[in-house]
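Just below is one structure, and these are the notes that go with it.
The values are calculated or read from the model by the stated rules, or taken from the named source; none is laboratory data. As the structure is a prediction and not an experimental result, all values here were calculated from the model. As a convention, Cβ positions derive from the backbone with ideal geometry for all residues, glycine included, and neighbour counts pool all protein chains shown. Areas reflect the complete protein model, heavy atoms only, side chains present, ligands, DNA and RNA absent. Shrake-Rupley method; radii C 1.70, N 1.55, O 1.52, S 1.80 Å.
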Amino acid sequence: MTKPLLSVNNLVVTYGARKHAVQAVAGVSFEIFEGETLGLVGESGCGKSTTGRAILQLEKVTSGSVTFDGEELTSLSPGEMRTRRRKLQMLFQDPISSLNPRRKIKHIVAEPLIIWKEGDDESRSHLVDQMLLEVGIDPHLAGERYPREFSGGQCQRISIARSLVANPRLLVCDEMVSALDVSVQAQIINLLSDLKVKHNLTLLFIAHDLAVVKNVSDRVAVMYLGRLCELGPSDDLYAHPLHPYTAALLSAAVVPDPTVGLSHHTLEGEPPSPINPPSGCRFRTRCPKAEARCAEEVPELREVRPGHQVACHFPLEAVPVSIQS
Amino acid sequence: MAIDQSPIVVVDHLSTTFRTPRGPLKAVNDVSLTLERGSSLGIVGESGSGKTVLSRSIIGLLPTQNVTQTGTATINGSEIIGTRHKDLLKIWGSEVAMVFQDPMTALTPTRRVGQQIAESLRINLKLSRKDANLRAIELLRQVGIPSPERRARAYPNQLSGGMRQRVMIAIAIACGPEFLVADEPTTGLDVTVQAQVLDLITELRAKSNLTMILVTHDLGVVATRTDNVAVMYAGRIVEQAPTASLFARVAMPYTKGLLDSTPRIDAPSHTRLSSIEGRPPDLVNPPEGCAFAPRCTYATDECRTVRPELVRSTLDANHLFACHHPLNGHQASSSLTENK
Ligand SMILES: Nc1ncnc2c1ncn2[C@@H]1O[C@H](COP(=O)(O)OP(=O)(O)OP(=O)(O)O)[C@@H](O)[C@H]1O
Ligand SMILES: Nc1ncnc2c1ncn2[C@@H]1O[C@H](COP(=O)(O)OP(=O)(O)O)[C@@H](O)[C@H]1O
Ligand code: SF4
Ligand code: SF4
Ligand SMILES: [Mg+2]
Ligand SMILES: [Mg+2]
């Protein structure tokens, strides 16, 4: 197996202070291997974006470590971190507002090269044109225009060009296709998977849409109220979830096929406030399988099948590996 | 008492055009449809295809400035098109209810949610203040809000998105409507909350034989929650069928394109999605012929010049499509449009 490009260890991120402190991320650990896409799913407010931002040191890390390419990022000075940041790029949900409205497309895409003082005007402009072509934007038609003249899907392509021009290694994609129509979403997903291979990228793909995450990810991590519940290979995790929360999420998802029907095991209520999380297992207030032990003891993430980890005292029946297809 | 068998909603050759600085924009273009009592119709399509304008046109909830409409739409026999808002107020309060995507904009931020429900009850059902307050709490309980007495005193921003949508539903059902228009009611909500809200709507519909239009861009929601589906493209209905029939045998290449570009939870990871290239046309300058032709892999010269009418399929008289080269063995059984 390849080595991890990114290791996150016992990551804690706290917002606010003292009485109002909220642990948005409450001890999360995972690795992302070179060339891999790790999906991160969970309900709104569970801490997905905070995790992504903390990896890039855009959020103050309270404790724990983030190691990128063998280097600890949490102890770097802001100046040192800036020089590393070109290797770690982030893409967001709202591409139109994340592009500077007053700058032309070719300047927007060239900006990282200018910041990194890379090449001269001519080589930069050549690289920008090439990058725009790669994302399916005609540089001659688009270069002189402004973001507002483009649709959401086109702006997302331009954001991708901008993030790739500096040759990064890790992309953190936060809900980057969530606001797009399915037709455009499919275009962007396909584009991303082609570029990933071509540029040997490693991805953390954050989204709340379970089908999208399954499609793009090699492995998927499920998050609930600041902690990971389960982490495993996509197909295995979706076919045989081990954590009651994963199972509940999956049963709430719908398929565009009326013959499949609805599940009647959907979860009730909403996640409790992270200000005062339940003791023991954070999911226990909504878990159909909760027992006394769940209130007393925090379940740690442990491997129960090869490469498949779960944080639950009573994981769901694991299908023996031999009879999986 | 005889059961009313007549359709509750009849829309006939309805067009809605906005005056814009760039010229007239035909957001709804010659749409006809009928809703039987107690049925549900899902309306799907890419953003800008006219789903919201169509559903708002049917209930008369459009801005009055810069809009021209032709055709008719009736609810329980009353004409909506051309009727002044003042005269529609009675229908909005009692027969018709609406739920929108963003409940935050539909709720008044400075008033407690209980008061907002009670107010609608006092105006429309002429309840006393005390009765209205009690009924508001009962409605909050009915839509599954825990400790409704306490929640009635909350302001909208103190509730989660799912809770706010439940409050909107409570307001919508407060006066016992017969017809519900839900425009993207769960877009932006988590899957678990989406399932809860849709379950709630399903349950309420079953109790009171509520007719529903459910606007959504999510084909999974349509597949599981509606009896019939209308697919919109560039202001027109391009395919309409009973839900089972639509998913079993799609006729329009556009509908097929939408289905094929939707990632599925039951498909293996890394399944390559087939996307629809390009974008919907500019409705100020729509193409001649089939509006989908510039993006359609089956397009011929005929498609680019002759507009396909919505016709019935020989396979299923309830399956309508607007396409010169339909898929899956569909054929036009007559060149007449629906309702004529
Ligand atoms: N700047 C902030 N100050 C205080 N609390 C915050 C801040 N940003 C996020 N939080 C809180 O931290 C928790 C995690 O938020 P985060 O944005 O990471 O969630 P998420 O999983 O990305 O949700 P979504 O799916 O809605 O994007 C939430 O309880 C949120 O309210
Ligand atoms: N008030 C308005 N003035 C001008 N154009 C409008 C107005 N409302 C909607 N439109 C246009 O009508 C078309 C259909 O819009 P809409 O019904 O909102 O689409 P959907 O709900 O399918 O996303 C779009 O081109 C939109 O820009
Ligand atoms: S640890 Fe207990 S409460 Fe938590 S998910 Fe497992 S069974 Fe449920
Ligand atoms: S009419 Fe022609 S262009 Fe339009 S959808 Fe059918 S085959 Fe495609
Ligand atoms: Mg987020
Ligand atoms: Mg709309």
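Compute the label zone of B:E149 within the range B:89-132: residues whose backbone N is under 17 Å from the point 7 Å along Cα-to-Cβ. Only B:114-115, B:130-132 fall inside the zone, counting backbone N under 17 Å. Neighbouring Cβ atoms from other chains, within 10 Å of the Cβ of residues in A:209-217, number 5 on average.
When DSSP beta bridges are restricted to pairs lying wholly in the protein assembly as shown, around 65% turn out antiparallel.
For the B and A pair, go ahead and give the buried accessible area with a 1.4 Å probe, both sides summed, in Å² to 100. Display every interim value, and only then the final one.
Working: alone 16740 and 16200 Å², together 29340 Å².
Roughly 3600 Å².
Please tell me which of these pairs span more than 28 angstrom C-alpha to C-alpha: A:K48/A:K106; B:K51/B:K126; A:K60/A:K104; A:K106/A:K214; A:K48/A:K289?
On the way: A:K48/A:K106 32 Å; B:K51/B:K126 34 Å; A:K60/A:K104 33 Å; A:K106/A:K214 34 Å; A:K48/A:K289 25 Å.
Exceeds cut-off: A:K48/A:K106; B:K51/B:K126; A:K60/A:K104; A:K106/A:K214.
Accessible area per residue for the range A:173-297 is 36 Å², calculated with a 1.4 Å probe on protein heavy atoms, without ligands, DNA or RNA. Carbon-plus-sulfur accessible fraction, the range B:96-176 (probe radius 1.4 Å, protein heavy atoms only): 50%.
Over the range A:99-167, what per residue volume does the convex hull of the Cα atoms give, in whole Å³? Intermediate values should be presented prior to the final figure.
Values: hull volume 5.1 nm³, N = 69.
Per residue, the Cα convex hull of the range A:99-167 comes to 74 Å³.
The range B:118-172 and the range B:1-34 have Cα centres lying 32 Å from one another.
Cross-link partners of B:K26 among aspartates and glutamates, defined as those whose alpha carbon lies under 13 angstrom from its own and excluding same-chain residues fewer than eight positions apart: B:D282. Where both bridge residues fall in chain B, DSSP classifies roughly 65% of the beta bridges as antiparallel.
Residue separation times 0.36 nm, minus the C-alpha to C-alpha distance between A:R82 and A:V12: what's the value? Write down the numbers at each step before the final one.
On the way: separation 70, 0.36 × 70 = 25.20 nm, distance 2.17 nm.
Here the segment from A:R82 to A:V12 would lengthen by 23.0 nm.
Computed over chain A, the percent of Cα pairs more than 36 Å apart is 23.
Rg/Rh for the range B:96-176 stands at 0.92; both radii use Cα atoms, and Rh follows the Kirkwood definition. Placing +1 on the Cβ of every Lys and Arg and -1 on the Cβ of every Asp and Glu, with nothing else charged, gives the range A:53-179 a dipole about its Cα centre of roughly 300 debye. The Rg/Rh ratio of chain B, with both radii computed over alpha carbons and Rh defined as the Kirkwood radius, is 0.98.
Residue ranges B:6-17, A:48-59, B:105-116 sort as A:48-59, B:6-17, B:105-116 when ordered by packing (mean number of other C-beta atoms within 10 Å per residue, highest first). Spatially, the range B:245-318 and the range A:82-141 are offset by 34 Å when compared through their Cα centroids.
Give me the Kirkwood hydrodynamic radius of the protein assembly as shown, using the inverse of the mean 1/r over all pairs of distinct Cα atoms, in Å to one decimal. Numbers along the way, then the final one.
On the way: mean 1/r = 0.0370 Å⁻¹.
Result for the protein assembly as shown stands at 27.0 Å.
Per-residue shielding of B:191-201, expressed as the average number of other chain Cβ atoms within 10 Å of the residue Cβ, stands at 6.
Residues of the range B:21-58 with an amide N closer than 16 Å to a point placed 7 Å from the Cα of A:L141 along the Cα-to-Cβ direction: none.
Within the full protein context, the accessible area of B:R279 is estimated at about 130 Å² for a probe radius of 1.4 Å.
Between the beta carbons of B:K130 and A:A21, assuming R0 = 45 Å, the FRET efficiency works out to 0.55 to the nearest 0.05. Helix B:85-94 and the long axis of chain B differ in direction by around 70°, with both axes built from C-alpha atoms.
Averaged over its residues, the range A:99-167 has an accessible area of 51 Å² per residue, based on protein heavy atoms and a 1.4 Å probe.
If only the Cβ of Lys and Arg carry +1 and only the Cβ of Asp and Glu carry -1, the dipole of the protein assembly as shown around its Cα centre is close to 2020 debye. Counting only other chain Cβ atoms within 10 Å of each residue's Cβ, the peptide B:272-281 averages 5. Summing Cβ point charges (Lys, Arg +1; Asp, Glu -1) relative to the Cα centre of the range B:96-176 gives a dipole of roughly 260 debye.
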